[in-house]
Amino acid sequence: MQLHPHFLFNTLHSISALLNQQPEAARTMITRLGDFLRLTLENSGTQEVTLQKEMEFLQCYLEIERVRFQDRLRTRVDVSPPALDAKVPNLILQPIVENAIRHGIAPRSTPGLIEILAKPQNGSLRIQIRDNGPGLPVDRPLKRFLPRG
């Protein structure tokens, strides 16, 4: 339920880089960042929000990242209307999507795709965040989370 500082620093750095060359894009990012922070403050202290509210927040975040990555970031959102009323933890999607962008889109020089899917399934809400990035290296062992001792 908190923003990662590197997102804010990356956004401010991108705005700074755009100020002289693309002032309209910089203004767009400033506006979206303000909207993003306003939504964050409106829901601070709230444990759960509707998926609809969470998607509004995520769209604001994605608009910032689209300016930053330009044609390298494509998104596909497929959320079934019945899923929009479901309650989800506040700010659950943004850090997951941010991670997909950082590891799946940022390292690429070609366009990448982030997919956000949500639908009711067997009495639960199924949410998927996928990217078409390179994935984990084949020779990289998975860390096991075992208690020490």
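Label zone (SER124, point 7 Å along Cα-to-C-beta; backbone nitrogen cut-off 18 Å) within region 33-75: 51.
For GLU42, what accessible area in Å² do you get when you roll a 1.4 Å probe over the heavy atoms of the protein chains, rounding to the nearest 10? Approximately 110 Å² for this residue. Taking every full run of DSSP H in the chain, the ones that stretch at least 18 Å from end to end by Cα along their long axis and average -0.5 or higher on the Kyte-Doolittle scale are 5-21, 23-42, 51-69. Extension gain, THR50 to HIS6: 0.36 nm times the residue separation minus the Cα-Cα distance gives 13.2 nm. Would the chain count as rounded, prolate or oblate if I go by the C-alpha gyration tensor, calling it rounded below 1.5 in a/c and otherwise prolate when a/b exceeds b/c, oblate otherwise? It is oblate, given that a/c is not under 1.5 and a/b is not larger than b/c. By accessible area, using a 1.4 Å probe on protein heavy atoms only, the chain has 53% of its surface on carbon and sulfur. Average accessible surface for the chain: 64 Å² per residue, computed with a 1.4 Å probe over protein heavy atoms with every protein chain in place.
When the Cα atoms of region 40-103 are aligned to their principal axes, the ranges along those axes come out at 32, 26, 18 Å in descending order. Dividing the summed -39500 (n - 2.57) terms of all DSSP H runs of n ≥ 4 by the residue count of the chain sets its mean residue ellipticity at 222 nm at -14000 deg cm²/dmol.
Highest mean first, how do 126-137, 87-98 rank when packing is the count of other Cβ atoms within 10 Å averaged over residues?
The peptides rank, most packed first, as 87-98, 126-137.
The values are calculated or read from the model by the stated rules, or taken from the named source; none is laboratory data. What you are looking at is a predicted structure, and each value in this text was computed from that prediction instead of being measured. Here Cβ is always computed from backbone atoms with ideal geometry, including for glycine, and neighbour counts include all displayed protein chains. In case anyone asks, the SASA skips ligands and DNA or RNA and just uses the protein heavy atoms, side chains included. Shrake-Rupley method; radii C 1.70, N 1.55, O 1.52, S 1.80 Å.
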